[in-house]
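As structure tokens, the structure follows; a few thoughts come after it.
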Amino acid sequence: LATIGGRYLLMRPQRFTEDSKTFRDALNIWHPWIVLMNRTPRTIKRFLNRLRYVAMRLRSEDENLSLWERLRRKMSGKEEAKAEEESTASVPEPVLVALGAIHHVNPAWVRDTEILQALFAGDSAALADRIRQAFPEAEADSENLAETVRSLNQAIMNYRQAFKQDVEPLIAHRKAFLEVLAETGM
């Protein structure tokens, strides 16, 4: 019993190997953005793997501590300082997916807070202009462009409704998102 108890105290929890429901729901909402650039299965798979990697890097480290390590941290008083630090370090999954989808379409849009705010403003004409600038070939197919802009705006509205968030969390967490991408050379 002592051996089993000791092992339980020292054993680290296993990491999740499948996407959470929140992550999958966010992916479904942002699907029109994700497939906007390139619809090939390989490109989408590469995007999902990059997004999962960023999510893993931005996950708080406490999730992988053993029971003994968590108890020791709590007893030493480091828990309160760590909680404050984590609140700014970890990025909520819906925000991460939103940043990833927008970055996938055009990385410059995530780097500029004014563009992020404009994307969430719901101005279809401004979004159409941004898409024309990012994809000059979109100019030729104006009917398809109008439908694309409508579906992109709908994704933003669905995001707002499903997760009760606007653009502010994206702006607040974009720096951490971009830092992880910069570390990996993406």
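For residues in region 154-186 being among the charged types (D, E, K, R) and open to solvent by 60 Å² or more (accessible area, probe 1.4 Å), which is modelled with the lowest pLDDT? Among those residues, the one meeting the criterion is Glu183. Taking region 86-186 and the helices (runs of 4 or more DSSP H) fully enclosed by it, the elements with 1 or more residues that are of a type outside the set (A, V, I, L, M) and under 28 Å from Arg57 (Cα atoms) are at 93-105, 107-111, 113-119, 142-163, 168-184. Put simply, of Arg160, Arg174 the only residue that is of a type in the set (Lys, Arg) and touching a helix residue (DSSP H, G or I) at 6+ places or on another chain (Cβ under 7 Å) is Arg174. Scanning region 11-35 for residues that are under 18 Å from Arg150 (Cβ atoms) and either open to solvent by 100 Å² or more (accessible area, probe 1.4 Å) or modelled with pLDDT under 85 (or both) returns a single hit, Asn28. Per the listing Ala176, Ala121, the residue uniquely under 14 Å from the mean Cα position of the chain (by Cα) and either farther than 19 Å from Trp30 by Cα or of a type in the set (A, V, I, L, M) (or both) is Ala176. Of the residues making up region 113-133, those that are surrounded by 14 or more Cβ atoms within 10 Å (Cβ to Cβ), out of contact with any helix residue (DSSP H, G or I) (no Cβ under 7 Å at 6 or more places or on another chain) and charged (D, E, K, R) are Asp123, Arg130.
Being at pLDDT 90 or above, open to solvent by less than 40 Å² (accessible area, probe 1.4 Å) and on the phi < 0 side of the Ramachandran plot: is that true of Ala98 here? Answer is yes for this residue. Summed over region 134-153, residues that are open to solvent by 70 Å² or more (accessible area, probe 1.4 Å) and at pLDDT 85 or above total 2.
The values are calculated or read from the model by the stated rules, or taken from the named source; none is laboratory data. Since this is a predicted model, take the numbers as computed values, not measurements. Glycine gets a Cβ as well: all are built from the backbone with ideal geometry, and neighbour counts include every protein chain shown. For the accessible areas, the whole protein counts, side chains as well, though only heavy atoms, and no ligand, DNA or RNA atoms are used. Shrake-Rupley method; radii C 1.70, N 1.55, O 1.52, S 1.80 Å.
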